[in-house]
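Colleague: Let me give you the structure first, and then I'll get to my questions.
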Amino acid sequence: MKISPVGSTSLLLAAALLVSAPSPLLADAMRVNLSSKDAELSVVKNSDNVKILDQSWVTDPEKKARSIASEMQVNNEWSSYSLTFQAAQGTTVKLRIAGEFSKNSEVWVYIDDVKVDGASISNGDFEDSSPFGGAKGWFLQKYEGKQGEILSQPDKAASGSNFAKVAYPMPAVQSFDVPGDTPVTITMKSRLAD
């Protein structure tokens, strides 16, 4: 079979486009995980841009029932995240906010203006600094010598002057108490980090 020069050029161009096209698996997203040690958590509602993940990586059915994993696609503009959940009983919920999980690269995102309606969270706008570094009320998890950070750049912040820069597995973490059988809504702003 003989390929004409025009045909081979078209094939090369098509191959180059396939190689350079972004993979949907590498889409940039912010990840939010909620977990409880002793109460089942359920999603009441979420904004259209928030995807609830099936947590196929969690093999223990009881642990899966006590957690919620979600993500939201992000770009270079601040986007709003909203998720309403409830616990089967009063409990402490751990909130972990990070970039999307990726085996190939780190997805760094900015987060700001974290609010909780129906419960109380500390320093959701990251304005209050901790005497130990970082933001009061938040734990910035370390992994392989890397860690998220609190940035003070009023021209880039969604609210106030400060915001957090996080990635997976270097999330911003905070635990807070929630009542049982009561809807609790978490909202925040997120965008890709520069």
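The values are calculated or read from the model by the stated rules, or taken from the named source; none is laboratory data. These figures come from a predicted structure and were not determined experimentally. Cβ atoms come from the backbone with ideal geometry, glycine included; neighbour counts cover every protein chain shown. In case anyone asks, the SASA skips ligands and DNA or RNA and just uses the protein heavy atoms, side chains included. Shrake-Rupley method; radii C 1.70, N 1.55, O 1.52, S 1.80 Å.
Colleague: Pairs please, first residue from the stretch 101-127 and free of Cβ contacts under 8 Å to residues at least 24 places away in the same chain, second anywhere and open to solvent by less than 30 Å² (accessible area, probe 1.4 Å) and in a loop (DSSP other than H, G, I, E, B), Cβ atoms under 8 Å, 6+ apart in sequence or on different chains.
Modeller: ASN123/TRP138
Colleague: What number goes with the only condition from (1) farther than 18 Å from GLU127 by Cα; (2) in contact with a Lys or Arg (Cβ under 9 Å, 6 or more places away or on another chain) that PRO171 does not pass?
Modeller: Failed condition: (1).
Colleague: Let me ask something else. Within the stretch 168-194, which residues are assigned to a strand (DSSP E or B) and open to solvent by less than 20 Å² (accessible area, probe 1.4 Å)? Steps first, please.
Modeller: Taking the stretch 168-194 as the starting set, the residues that turn out to be assigned to a strand (DSSP E or B) are 170, 172-178, 180, 184-192.
If the condition is that a residue be assigned to a strand (DSSP E or B) and open to solvent by less than 20 Å² (accessible area, probe 1.4 Å), then MET170, ALA172, VAL173, GLN174, PHE176, VAL178, VAL184, ILE186, MET188, SER190 are the ones that fit.
Colleague: Pick out, from the stretch 37-123, the strands (runs of 3 or more DSSP E) lying fully within it that include 2 or more residues that are surrounded by 14 or more Cβ atoms within 10 Å (Cβ to Cβ) and under 14 Å from the mean Cα position of the chain (by Cα).
Modeller: Details: elements: 41-46, 50-52, 67-73, 79-87, 91-99, 109-117.
Filter on the stretch 37-123 gives 67-73, 79-87, 91-99, 109-117.
Colleague: Same structure again: With respect to the numbered conditions (1) over 13 Å from ILE97 (Cβ atoms); (2) open to solvent by 30 Å² or more (accessible area, probe 1.4 Å); (3) in contact with a strand residue (DSSP E or B) (Cβ under 8 Å, 6 or more places away or on another chain), which one is the sole condition not fulfilled by LYS165?
Modeller: (1) is the only condition that LYS165 fails.
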